[in-house]
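Chemist: For reference, the structure I am asking about is given below.
What follows is calculated from the coordinates using simple rules that are stated; it is not laboratory data. Keep in mind that what you see is a predicted model, and the values were worked out from it rather than measured. When we count neighbours, we look across all protein chains shown, and the Cβ atoms used for this are built from the backbone with ideal geometry, even at glycine.
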């Protein structure tokens, strides 16, 4: 018999920090809210790093991906870990959703299902096309390039004619090792920001607005971005739910990032199903929605 019902997954930096800064304290606060909500459902819950070498993963019925934010820097190790333990431990969200969502080629699937997305050109590893040639092919002259697998704006660059050679020189060795993606720069980002919608069990919970600092386009707080409360419009919520409905299966939780595209229409920029920040601290009762979704998955 398993010792635990749910392990909340984090990474080793956030397991038991001695003197947490505000960023880390936010993580501890949110994981605590989720843990309390799960325990109120009668679950036996523990919190561990996914890379913990001493933990026996057969001792838990399920793992809930939350703040394992080093996985894209240790992707080969992480992916091998998921394959190894998924045979005897249930993933929330599921291993199938994880494999689908971990690579941003999922945007093509959403587009094929009529979900409005930001136009995207994928660059397979080892491609012989230069950035200049890709810009000529797409007709885009101001773009953003980033890895198909990644997060926290890792290796993400804005490209203009002035910066193209510099970015290409930096990315050339990286593009031999992994797929990248190219998108036209969205001019709403510096002015209006990006909206994140939190959805649990197929139901909308709350939203935040992420804004880049002056002179930047990256909304992540790692680069000085700020987060603000946001009352989502009916149109924004409908788009978020449409994106979730287009997933291969219903996720227990999702974060849908949306923005206005260069034609002024709402479009999905990312759909996060693995370990998205969900801002429970801005709506603590949303942790109960997460717990209900976990119950639903385990009962299935």
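Chemist: Ignoring everything except DSSP H segments at least 4 long, calculate the 222 nm mean residue ellipticity for the chain; use -39,500 (n - 2.57) per segment, divide by total residues, nearest 500. Working shown, then result.
Modeler: Values: 9 runs with 95 residues, N = 300.
Roughly -9500 deg cm²/dmol at 222 nm, from the helical runs in the chain.
Chemist: Exposure proxy check: 204, 23, 253 ranked by fewest other beta carbons within 10 Å?
Modeler: Numbers: 204 18, 23 10, 253 27.
Going from least to most buried by this count: 23, 204, 253.
Chemist: Given all pairs of different Cα atoms, what value in angstroms does the Kirkwood hydrodynamic radius of segment 4-92 take? Mind showing how you got there, number by number?
Modeler: Working: mean 1/r = 0.0741 Å⁻¹.
One over the average 1/r among Cα pairs gives 13.5 Å for segment 4-92.
Chemist: Please order 269, 12 by the number of other Cβ within 10 Å, starting at the fewest. Kindly include the intermediate steps, with their values, before the conclusion.
Modeler: On the way: 269 20, 12 14.
Least crowded to most crowded, the residues run 12, 269.
Chemist: Additional query: What ranking of 81, 50, 100 emerges when the number of other C-beta atoms within 10 Å of each C-beta is taken as an exposure proxy, fewest first? Before the final figure, lay out the partial values.
Modeler: Details: 81 16, 50 24, 100 19.
With the fewest neighbours first, 81, 50, 100 line up as 81, 100, 50.
Chemist: Still on this structure, please answer the following. Just check segment 121-184 against the gyration tensor rule for me: Cα atoms, a ≥ b ≥ c as the square roots of the eigenvalues, rounded for a/c under 1.5, and otherwise prolate or oblate depending on whether a/b exceeds b/c.
Modeler: On the way: a/c = 1.42, a/b = 1.26, b/c = 1.12.
Rounded is the answer for segment 121-184, as its axis ratio a/c remains below 1.5.
Chemist: Taking only Cα atoms, what is the 0 to 90° angle, nearest 10, from helix 75-85's long axis to the longest principal axis of the chain?
Modeler: 30 degrees
Chemist: How high is the relative contact order of the chain? Use alpha-carbon pairs under 8 Å, at least six apart in sequence, and give a whole percent.
Modeler: Working: 521 pairs, mean separation 56.8, N = 300.
That works out to 19 percent.
Chemist: One quarter of the convex hull surface, Cα atoms only: what value does that give for segment 31-75 in nm²?
Modeler: Numbers: hull surface 14.6 nm².
Reported value for the Cα convex hull: 3.6 nm².
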